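**Student:** This is the structure, below, for whatever I ask next.
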């Protein structure tokens, strides 16, 4: 029989059985913190501005999320409930609710505590996760649901937890099959209108790339080239062996262009050499745009990260290329405009941190829907 993972109580906190016991233990911890702060002549404050539910089926994802929440405690103090669905355990449910309270210091005079609870679900007990989580939510605060991995469409516990969420956060870089998972996310988007917001951390990673491409065509002399695009090339990082292919980020960029420019499908997304994609899209005027999504080994990049973008266009006898490339130091990108092969403009700017803590921090500051993302995802699905 498969063995379940052992819980590290030094990281997650002592075992407590039942919702009432959780609240009693959290109260005890808060009192201890206040007493310690008084001894140190500090001020201890309990602060929660949101509820954050994290669902993970691997402890590595649960720990990564917990550490990120800890680092964000000063900016987004929350009641964080981390659900670890232990699929390796075959025995029936054993009610196991554990908590860990992390207390980062905002400055030399103040400590802000947030509350972190681990809900561990064994075997087939996942159907009862929602009944354990929902009573732990702080009333009258927004609820964010961060689902690691590809979420299922409907069914417990996803449907139950989504029913109480104000915003769903996913990360398509973790999707093993983006060709299947992204259409599922698009269906969730179509159901979410007015009920909850939805975003993808991979979309957040694309923000500096989309901003840079947009800035090209803010220049009046170059804007007309946008309507006469002939080709788009997007490179994304893979591991040295080229086995881990995660094109979600690159595909979302293509979907964004298509949604903004009214492009439509000519050929279905078809695989090319080495795990890439090569296909044609029709512009608004019916002309073809050849699109290539190409995997490349890039040292220091995470699998799936965009490494470069090239937009090609022809107008009035001129050939233009608008290029954005990640620099070898990984922390900068260079934008270049070439007209008939000659460099007309170039600029190097820093890239924001791609760390998961920064990405999730951005998303916890937003409560509503991201219509641009939803339209990009819908356009991508129409292309496939």
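**Student:** Have a look at the stretch 205-383 and give its Rg and Dmax from the Cα atoms, expressed in angstrom.
**Tutor:** Answer for the stretch 205-383, Rg first and Dmax second: 16.2, 48 Å.
**Student:** Related question: Report the gain in length on full extension from residue 221 to residue 140: 0.36 nm times residue separation, minus Cα-Cα distance, nm rounded to one decimal.
**Tutor:** Once the chain is fully extended between residue 221 and residue 140, it gains 24.0 nm.
**Student:** Moving on. Run the simple label-point estimate for residue 314 and residue 327 please: 7 Å along Cα→C-beta, distance reported in nm.
**Tutor:** 3.5 nm
**Student:** Something else about it: What number, in percent, do you get for the relative contact order of the stretch 292-332 if the mean sequence gap of Cα pairs under 8 Å and at least 6 apart is divided by its residue count?
**Tutor:** 32 percent
Rule-based calculations on the coordinates, nothing more; no lab input. Bear in mind that the values here come from a model prediction, so they are computed numbers and not experimental data. Neighbour counts run over all protein chains shown; Cβ positions are idealised from the backbone, glycine included.
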